[in-house]
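Shown next, in structure tokens, is the structure this report addresses.
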Amino acid sequence: MMSFLSLLSSLSVHNTTIDSYFKRKNSESLPSSTPNVELSNTETPSSKSPRIENKEAVKEVDLASLERNPALRPPIWKYPINQQDEIRRAYLKLGPFQCKLQNYPFFGPKNRRHFCSSWFDLFPSWLEYSPSKDAAFCLPCYLFSKPCGNGRSGANTFVVEGFRNGENCAFLRHVGKNIISMHKNTVSSCSDLMNQSQHIETFVEKLTSLEIATNRLRLQVSVDVTRWLVLQGCAFRGHDESLDSIDRGNFLQMINFLASYNQEVAAVVLEKAPQNASYSSPQIQKEILHVFSEKVKKTIREEISNAKFCLIVDEASDVSKKEHMAIV
């Protein structure tokens, strides 16, 4: 720091230019082998990285044309992520694909087994059958499956591959005895998805609409009190507006008076209101008065239009013999 200050003092005393400290680079020192390139024809690379645009736009899926066959429909994770919940709701409204045939094909070289339509009565809410693949599938597990199969071996059996052992007890093992089994978790997820009242969007929207209604009611009370005080020509503020004061001023006392006759008003005004939205501060009172004055001026301008108008000027002296002029 001291060396930099001493350098500045030497520059100011000796009036030394910056050329004495830095040697100017001569263009003749450049190598002669450098080609003479015209700058106008040279394309300099941009410092910004090129913008990569996804030409293949994500197409929305038509919910009316969803594939019902469990063996032919694409996995749920291949649908657009913003539309997956809508697709899940559509499949849940349609219900599981239960194709009932008179004779199901046999499979297995030794054990001649086949699918039974009576299994639909035992597992009506989730069991599906694909006639093209002759295999059983699970609708809730398909709707909430993941590409990695949820990290468990055989998790894709009832989702992608299909189950073909043809045993009733195998379906019971898929459901599981544990309350936190993978199948029961997906069934619970389906129930939560269809229960719109528990969604966070509905909860937030409900709270937002309630907050808007309370804010409007609180503001309406302040506007009505301001209008009444203006029409009566009364003062707004009080000498002591604290909570322990007997008379807090006409504005606050009038709000308190209205709250005593209405429980809905009493629940949202004064001390019941949030500190950042009480709508009773002196600044809010002035803003409401300013809105009233602008509306009155606008009405007068619309009424007068281009007509002539006059000013009323009056002068009077007070007891101290000082003249005062009033202009209307």
Notebook entry, point to check: Which ones in segment 220-257 are touching a residue at least 24 places away in the same chain (Cβ under 8 Å) and either buried (at least 16 other Cβ atoms within 10 Å of the Cβ) or out of contact with any helix residue (DSSP H, G or I) (no Cβ under 9 Å at 6 or more places or on another chain) (or both)?
Noted result: Val221, Ser222, Val225, Thr226, Leu229, Phe236, Phe251, Leu252, Met254, Ile255
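Residues checked against (1) more than 30 Å from Glu211 (Cβ to Cβ); (2) modelled with pLDDT of 90 or more:
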| site | (1), (2) |
| --- | --- |
| Val225 | no, yes |
| Leu252 | no, no |
| Ala277 | no, no |
| Glu315 | yes, no |
Notebook entry, point to check: Among the numbered criteria (1) surrounded by 11 or more Cβ atoms within 10 Å (Cβ to Cβ); (2) at pLDDT 85 or above; (3) more than 35 Å from the chain's Cα centre (by Cα), which single criterion is violated by Glu287?
Noted result: (3)
Check: For segment 293-301, does any single residue satisfy the condition of being open to solvent by less than 60 Å² (accessible area, probe 1.4 Å) and in contact with a Lys or Arg (Cβ under 7 Å, 6 or more places away or on another chain)?
Finding: no
Check: How many of the residues in segment 63-89 are open to solvent by 90 Å² or more (accessible area, probe 1.4 Å) and farther than 16 Å from Tyr142 by Cβ?
Finding: 3
Notebook entry, point to check: Among the residues of segment 156-166, is there at least one that is in a loop (DSSP other than H, G, I, E, B), exposed (fewer than 11 other Cβ atoms within 10 Å of the Cβ) and at pLDDT below 85?
Noted result: no
Item checked: Criterion: open to solvent by less than 50 Å² (accessible area, probe 1.4 Å), in contact with a Cys (Cβ under 6 Å, 6 or more places away or on another chain) and modelled with pLDDT of 85 or more - qualifying residue of Thr214, Thr186 -> Thr186
Check: If the Cβ limit is 6 Å and pairs must be 6+ apart or interchain, which residue in segment 311-323 that is polar (S, T, N, Q) pairs with which residue that is open to solvent by 80 Å² or more (accessible area, probe 1.4 Å)?
Finding: Ser317/Glu323
Next item on the list: Run Val58 past the list (1) open to solvent by 80 Å² or more (accessible area, probe 1.4 Å); (2) more than 21 Å from Lys146 (Cα to Cα); (3) at pLDDT below 75 and report the number of the one that doesn't hold.
Entry: (2)
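The values are calculated or read from the model by the stated rules, or taken from the named source; none is laboratory data. Model, not experiment: these values are computed from the prediction. Every residue, glycine as well, gets a Cβ built from its backbone with ideal geometry; the counts of neighbours run over all protein chains shown. Note: accessible area is taken over every heavy atom of the protein model, side chains too, but ligands, DNA and RNA are not part of it. Shrake-Rupley method; radii C 1.70, N 1.55, O 1.52, S 1.80 Å.
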